Amino acid sequence: MKTRYKRLPVPIPYTKEGLERLKIELKQLVEDRKEAVMHVARAREMGDLSENGYYKSYKAKLGQIDNRTRRISYTLLHARLIQKPSADRIDLGSKLILQKDGVKTAYEIVGRDEADPSSGRLSHLSPLGKALLGHREGDVISVISPKGRVTYQLLKIL
């Protein structure tokens, strides 16, 4: 007989600001849901639902709101606040300055849900994020990217 193990949820790392943004979005979704429910009820009063585009569109919107609400609720339930990292090694929450080919760029290491490389927020699961973890100021980090091997120098941990 096979034994079934319940898979435990993995903690989802978030910054304090990221958690606040999620809570605000959840509040907004609760308000949006009230409005969508009102529109669905109004559309039902019109009669035949099979060809009622108004009903179908708000029913779809209600589904999207409910889906996003469930996802945010799950995330908030399993979120783990990123603690202030040590200043000597890179870890989740670290802010740092890298240099590549003479160009300095500031980054912050965050969880995957908050990642936005264009604004300097790298996921700890991205190739560069993984390569940076555990390094100290002055280290040279080499990462394989689609363009080939890229070398960075860690100038400063903020």
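The values are calculated or read from the model by the stated rules, or taken from the named source; none is laboratory data. What you are looking at is a predicted structure, and each value in this text was computed from that prediction instead of being measured. Here the Cβ is made from the backbone with ideal geometry for all residues, glycine too, and neighbour counts use every protein chain on show. Each accessible area value is taken on the protein alone, full model and side chains, heavy atoms only, with ligands, DNA and RNA left out. Shrake-Rupley method; radii C 1.70, N 1.55, O 1.52, S 1.80 Å.
Here is how the numbers come out for the structure above:
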read-out: Long-range neighbours under 6 Å by Cβ, at least six apart or interchain, first residue over 21 Å from LEU92 (Cβ atoms) within the stretch 130-145, second part of a strand (DSSP E or B) and of a type outside the set (Ser, Thr, Tyr); value: VAL140/GLN153; SER142/ARG149
read-out: Within the stretch 75-158, strands (runs of 3 or more DSSP E) holding 2 or more residues that are of a type in the set (Val, Ile, Thr); value: 103-110, 140-145, 148-157
read-out: Contacts under 9 angstrom Cβ, first residue in the stretch 83-106 being under 16 Å from SER119 (Cβ atoms) and without any contact (Cβ under 8 Å) to a residue 60 or more places away in the chain, partner in a loop (DSSP other than H, G, I, E, B) and open to solvent by less than 60 Å² (accessible area, probe 1.4 Å), 6 or more apart; value: THR105/GLY120; ALA106/GLY120
read-out: LYS2 being modelled with pLDDT of 95 or more and not aromatic (Phe, Trp, Tyr); value: no
read-out: Condition met for LYS34 (in a helix (DSSP H, G or I), loosely packed, with under 15 Cβ neighbours inside 10 Å and over 20 Å from the mean Cα position of the chain (by Cα)); value: yes
read-out: Residue in the stretch 56-66 that is among the hydroxyl-bearing types (Ser, Thr, Tyr), over 18 Å from LYS16 (Cβ atoms), crowded, with 16+ Cβ neighbours inside 10 Å and modelled with pLDDT under 95 present; value: yes
read-out: The listed residue being of a type in the set (Gly, Ala, Ser) and in a helix (DSSP H, G or I), out of GLY47, GLY63; value: GLY63
read-out: Members of the stretch 1-54 found to be charged (D, E, K, R) and under 21 Å from THR75 (Cβ atoms), listed by number; value: LYS6, ARG7, LYS16, GLU17, GLU20, ARG21, LYS23, GLU25, LYS27, GLU31, ASP32, ARG33
read-out: Single unsatisfied condition, LYS16 versus (1) farther than 23 Å from VAL110 by Cβ; (2) touching a strand residue (DSSP E or B) at 6+ places or on another chain (Cβ under 7 Å); value: (1)
read-out: Answer residue from the stretch 92-114, given it is of a type outside the set (Lys, Arg) and surrounded by fewer than 18 Cβ atoms within 10 Å (Cβ to Cβ) and is nearest to PRO11 (Cα to Cα) among those; value: ASP113
read-out: Residue within the stretch 82-90 that is open to solvent by 30 Å² or more (accessible area, probe 1.4 Å) and under 15 Å from the mean Cα position of the chain (by Cα) present; value: no
read-out: Selection status of LEU76, at pLDDT 90 or above and over 20 Å from the mean Cα position of the chain (by Cα); value: no
